[in-house]
Structures are given as C-alpha cells and as structure tokens.
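These notes are about the structure you will find just below.
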Amino acid sequence: MGWLSRFIAAVAFLAIGVIFSPETLTSKSTTLSTYLKLAHLLSFSTAFGAALWVTFIGGIIMFKNLPRHQFGNLQSKMFPAYFSMVGACCAISVASFGYLHPWKTSSTTERYQLGFLLSSFAFNLTNLFVFTPMTIEMMKQRHKVERESNIGEEVGWSKNVEVAKSNPKLKAMNKKFGMIHGLSSLANIMSFGSLAIHSWYLAGKIDL
C-alpha cells in the first residue's frame with residue numbers, strides 16, 4: 001500500500017469516528033472547541049509517539065543491526081523529516097491549546113502546560129535548523145576519513161575507537177561529533193520530556 005493510500009485510509013477511519021461519535025449523533029452542530037481539541041490530541045499523540053519510537057526504540061535497533069555508515073546515512077535522511085514532523089505537530093498543539101486557554105483567563109497550570117509545549121516546539125526547531133545540519137556535515141567528513149582507513153562498514157563503534165588511537169584527525173573528529181550529537185540528543189530528550197509532562201496533564205483531564 002502506497003503512502004497516499006495509507007493516508008486516505010487513515011483519514012477515512014478518522015471521518016467515520018467523527019461521524020459516529022456520540023457528540024455528533026446527538027447534537028446538530030459541532031463547536032469549534034471540539035475540532036481544536038481533536039487537532040490538539042492528534043498532533044500531540046503523533047509527536048509523543050514519534051519521539052518515543054525514534055529516541056528509545058527505532059534508533060537503537062538500527063544502530064545495533066546496520067553497518068555504521070549505512071546507519072548514519074539513513075539517520076541523515078530520517079532526522080530532518082522527524083524533527084519537521086514533530087515540530088509541526090508541536091506548533092499545532094501550541095496553537096490549539098493557546099486558543100482554548102487564552103493567557104489572560106487561563107490558570108497557572110494551563111500556563112505552565114503552554115510553556116512545556118512551547119519548549120518542545122523550540123527544542124525541535126533548534127535540532128532541525130542548528131544541530132542536525134551540523135551533525136550531518138560532521139558525519140560526512142568523518143565518513144570520508146573512516147573510508148580512507150577502511151572502516152565504517154562494520155556494526156558498532158569498535159573499529160572506530162581502535163583506529164582513532166593512532167589517528168589524531170579521526171580522534172579529533174570523534175570528539176567534535178560527540179559534542180554536537182550530544183547537544184542534539186539533549187535537545188531531543190528535553191523535547192520528549194516536555195511532551196511527557198503534558199501527557200500527565202491530559203491524562204488528568206480525560207474522563208474514561
């Protein structure tokens with residue numbers, strides 16, 4: 001099934017859910033707040049789920065099973081798309097939550113929650129426009145040096161660490177890459193943490 005077909009199927013199921021929901025069947029009109037709540041819930045859950053998978057599951061599995069250069073090249077294509085999608089979802093969450101809870105009339109808790117959503121959005125933008133381009137460029141340079149030493153097609157870091165002991169250039173690049181990648185990972189974790197805090201707030205609001 002192609003991307004477009006999957007997207008249409010998802011939209012169709014969403015439409016069916018909206019049409020046959022109790023609120024739709026028992027009321028003549030659906031308020032704007034209901035649509036905004038739906039937009040907030042869908043965008044938040046998409047961002048949270050994507051961050052959870054990429055950070056704690058997908059990336060680790062790929063690193064442990066793919067040749068390192070292949071893993072790096074895949075990440076260089078995946079992360080810009082990942083941060084763009086999560087950033088867009090955070091933007092929708094911020095806009096919908098801000099509209100539903102205007103700053104002047106919102107409670108302290110609601111203001112904190114808006115702050116957490118804004119933080120997640122900001123961390124994602126920082127990764128998308130600052131750390132990710134730097135990381136990708138540094139990775140390409142390091143791959144070139146590693147290919148000259150006939151390493152990079154193995155799984156894991158063992159050969160890189162071994163060669164770096166006798167290659168000052170590779171050792172310096174490893175240090176710089178580690179610093180940039182560490183900042184990117186920290187921003188990603190901070191973004192995920194902000195979303196996790198908001199998930200606790202939403203759980204307290206849901207009436208099951």
Rule-of-thumb Rg ratio for the stretch 88-208 [Cα; 2.2 N^0.38 Å; N residues] | 1.52
Let me know the charge dipole size of the chain about its Cα centre in debye, to the nearest 20, where only the beta-carbon of Lys, Arg (+1) and Asp, Glu (-1) is charged.
-> 540
Would you mind getting the accessible area per residue of the stretch 36-204, heavy atoms of the protein chains only, 1.4 Å probe, in Å²?
-> 55
Using Cα atoms only, what is the angle between the long axis of helix 3-19 and the major principal axis of the chain, expressed in degrees (0 to 90) to the nearest 10?
-> 30
Have a look at 100, 115, 174 and report the one farthest towards the positive end of the charge dipole of the stretch 99-186, computed about the Cα centre with Cβ charges (Lys/Arg +1, Asp/Glu -1).
-> 174
Using only Cα atoms, tell me the angle between helix 168-205 and the longest principal axis of the chain; keep it within 0 to 90° and round to the nearest 10.
-> 20
List the trypsin sites (Lys or Arg not before Pro) in the stretch 118-179 that DSSP assigns to loop (not H, G, I, E or B) and whose Cβ has at most 12 other Cβ atoms within 10 Å. Which are they?
-> 165
Hey, how many Å between the Cα centroid of the stretch 68-114 and the Cα centroid of the stretch 181-208?
-> 10
Helix 32-53 sits off the longest principal axis of the Cα atoms of the chain, rounded to the nearest 10 on a 0 to 90 degree scale, by 20
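Using 32 Å as the Cα-Cα cut-off, could you pick out the over-long pairs in 64/144; 37/64; 140/165; 64/169; 64/176?
Checking Cα-Cα distances, 37/64 exceed 32 Å.
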With springs connecting C-alpha atoms under 10 Å apart, model the chain as a Gaussian network and identify which of 11, 130, 54 has the largest mean-square fluctuation.
-> 11
Rounded to whole Å, sorted largest first: equivalent-ellipsoid semi-axes of the chain, Cα gyration tensor = 42, 20, 12
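The values are calculated or read from the model by the stated rules, or taken from the named source; none is laboratory data. Note that this is a predicted model, so its numbers are computed, not measured. Using ideal geometry, Cβ is built from the backbone for each residue, glycine included, and neighbour counts are taken over all protein chains shown. Ligands, DNA and RNA are stripped out before the accessible areas are found, and what is left, the full protein with its side chains, is counted by its heavy atoms. Shrake-Rupley method; radii C 1.70, N 1.55, O 1.52, S 1.80 Å.
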